[in-house]
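Quick notes on the structure that follows.
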Amino acid sequence: MRNIFRFGIMTFAFGLMLFAADTANAQRSYADREYRRDVREARREYRRDVRRGEDRREALREYRDDVRDAQREYVRNVQRTNSGWSFFMNGRRYYRPANQWNYRNGYFYRRY
């Protein structure tokens, strides 16, 4: 009985580690999707302005400003360093260190 209890605790802890890594990765992919969406929207707006016959220089300046803002927001949301990466959520910065390892599908993965 004691061995079954130990095995259950170890299995739960291992599953919890995998879940924590997946949620961190999901936060990163959400920031990536949001960045790509912002850039795509800025590009559409630029093309629409040019099609309407507005000043091309002004439209290009506005497009560059939008892309720059999207890049700034992405860097603010997700920053990667040598020691890992962090993300910004609910007004707080969370750090994910890179010195933790997970075992999945027969391989060891570094957790960022």
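Assorted remarks:
- The stretch 55-72 residues that are without any contact (Cβ under 8 Å) to a residue 60 or more places away in the chain, paired with ones that are surrounded by 11 or more Cβ atoms within 10 Å (Cβ to Cβ) and of a type in the set (Val, Ile, Thr) (beta carbon under 7 Å, 6 or more apart): 56/50; 59/50; 67/39; 70/39
- When the stretch 57-81 is limited to residues that are surrounded by 13 or more Cβ atoms within 10 Å (Cβ to Cβ) and of a type in the set (Val, Ile, Thr), the one that is modelled with the highest pLDDT turns out to be 67.
- Any hit, the stretch 93-104, residues being exposed (fewer than 11 other Cβ atoms within 10 Å of the Cβ) and at pLDDT 65 or above: no
- Extreme residue, surrounded by the most Cβ atoms within 10 Å (Cβ to Cβ), among residues of the stretch 8-56 that are modelled with pLDDT under 75, among the small types (Gly, Ala, Ser) and over 19 Å from residue 76 (Cα atoms): 21
The values are calculated or read from the model by the stated rules, or taken from the named source; none is laboratory data. Computed from a predicted model, the values in this text were never measured in an experiment. Positions of Cβ are backbone-derived with ideal geometry, glycine not excepted, and every protein chain shown enters the neighbour counts.
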